[in-house]
Amino acid sequence: MRITSNSIAAKSYTNLQASLARSERLQEQLSSGKQLSGPADAPGQAASALQLRNSLKVSEQYVRNADDGLAWLGAADTALQSVSTQLRRVRELAVRGASTGSNNALSNAAMATEVQQIRDGLLDTANTTYLGRPIFGGTVTGSLAFQDNSPLPVTYVGDAGTVQRRIGPNAQVRADVSGTAAFGTPPASVFDVLNTLVNNLLTNPTAVGTDIAAIDTRIDAVLASLSDVGSRVNRTESLRQISSDQALALQSSLSELEDIDLPGTIVALKLQETAYQAALSATARVIQPSLLDWLR
């Protein structure tokens, strides 16, 4: 086999180009921090990275859904805690109003005024919204769950729909609270009970004692709703933690697959640059122009 200067030059050029390409690849990895710049670099790794990214997006979405659900439930819990406190105050007033021997018309009127104010406050609480949607109104499109029709009874204008959030592959959580379960329905809603108490304090004090049982019923309903919210919060937090941990694990796996070993890559680049310079030097010595080259 005859080896000519042209073949030596061509081979040397090819090797130099390959060495330069390796240096360029290492520099690209250092600048991006990633081993893979595209599917062609390593098809198998690229496919695995794509699967990991898809799984990571799903887990992160579950976390976001759980956070949104917890925000809804947190707003509901705060509202129901306030309702419970206010109803206990109403019960105290009812017990005091039932003691007819120690009250007069003036004191009864003062208690009736306070109950009326509490009733108005409870109506505002029952229309608590989160992101513009009533948390006790189901899936109603408006901003109200309960409509004040004074002097007519308060009516429920929400619907029976539920606000659901998917927080796991096979898990959903209800984020809203049933307004009718928490506040009741006419003629036994919390607003009807308080209206009756106000009227009895003003016009029929001897009947105030009968209102206490109705108030207790409404307190029990609020406590039941609070208990339900608490159990949903616990479940949501538990599944959120699972999704969060899974997202961290997937992110770690993706990093191992895609991210470069920074110290190792820097060393490899330095070695490659040294090798390239050495190859240039060796090639320059091997390929020397001869007299015949000049005569040509």
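The values are calculated or read from the model by the stated rules, or taken from the named source; none is laboratory data. What you are looking at is a predicted structure, and each value in this text was computed from that prediction instead of being measured. Cβ atoms come from the backbone with ideal geometry, glycine included; neighbour counts cover every protein chain shown. Heads up: the accessible areas ignore ligands, DNA and RNA and are worked out on the full protein's heavy atoms, side chains in. Shrake-Rupley method; radii C 1.70, N 1.55, O 1.52, S 1.80 Å.
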Carbon/sulfur fraction of accessible area - the stretch 118-203, other protein chains in place, 1.4 Å, %: 53
Translational diffusion coefficient (Stokes-Einstein; Kirkwood radius from C-alpha pairs) of the stretch 114-254 at 20 °C, 1.002 mPa s, in µm²/s: 124
Fraction of the pair-distance distribution of the stretch 96-138 above 11 Å, Cα-Cα pairs, percent: 70
Relative intensity, log₁₀ I(q)/I(0), of the stretch 78-185 from a Debye sum that treats every alpha carbon as a point, q = 0.15, 0.19 Å⁻¹: -0.72, -0.98
Length added when fully stretched, ASN104-ASP159, from 0.36 nm per residue minus Cα-Cα: 15.5 nm
Euclidean distance of C-alpha centroids, the stretch 167-206 and the stretch 52-108, integer Å: 12
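With the other protein chains left in place, how much accessible area per residue, in square angstrom, belongs to the stretch 45-140 at a 1.4 angstrom probe? Don't skip to the end; give the middle numbers.
Details: 4510 Å² over 96 residues.
Each residue of the stretch 45-140 exposes 47 Å² on average to a 1.4 Å probe.
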Scattering curve values for the stretch 47-89, log₁₀ I(q)/I(0), Debye with Cα scatterers, q = 0.28 Å⁻¹: -0.86
Theoretical FRET efficiency, 1/(1+(r/R0)^6), r = Cβ-Cβ of VAL58 and ARG235, R0 25 Å, to 0.05: 0.85
Highest to lowest packing among 169-180, 191-202, scored as the average C-beta count within 10 Å: 191-202, 169-180
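Can you figure out the FRET efficiency of THR210 with ALA71, using R₀ = 45 Å and their beta-carbon distance, to the nearest 0.05?
After rounding to 0.05, the efficiency reads 0.65.
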